[in-house]
Amino acid sequence: MNLFAEQQPLPLDGKAYIGSIGYKGSDLISEKDDVLTFKDGKFYSATCKVWGFDGGQYSVEQSGDTIKFKALTSSEDHGQIEWEGTISGDEINATLTWTKERWWWTDAREEKWFRGNVK
């Protein structure tokens, strides 16, 4: 067994998706377009990077032509975002849940959706 053998890339590596974000339960778009990128086993959100959220490891589960993914991104100052989504063909539908624990006030929590297409 070779401990230094290259790992197989995940099936989403090298792909990017552009789309809109809105609050869960509403069809209204709440933020400008975002670009979600999968690269070298990590997941990135261009919009969230501005807030210090670096790339986080992602996992996939493939069933036929549909890929389900999960990722966790974190920011030292702004908490963490859990991402879950489904990709079918060129379309992506995902949810993101942002949480931030606070010692002086109620913990923050927002749930949003992301809908888009391959870039």
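The values are calculated or read from the model by the stated rules, or taken from the named source; none is laboratory data. Since the model is a prediction, treat every value here as computed from it, not as a measurement. Cβ: placed from backbone, ideal geometry, glycine included. Neighbour counts: every protein chain shown.
Would you pick out the residues in the range 8-62 that are among the acidic types (Asp, Glu) and closer than 19 Å to Lys119 by Cα?
Asp13, Glu31, Asp33, Asp34, Asp40 - these are the residues of the range 8-62 that are among the acidic types (Asp, Glu) and closer than 19 Å to Lys119 by Cα.
Taking the condition of a type in the set (Val, Ile, Thr) and at pLDDT below 90, does Ile21 pass?
So Ile21 does not fit the description; no.
Residues that are touching a Gly at 6+ places or on another chain (Cβ under 6 Å) and closer than 15 Å to Thr97 by Cβ: list the strands (runs of 3 or more DSSP E) wholly contained in the range 1-77 that include at least 3 such residues.
66-75
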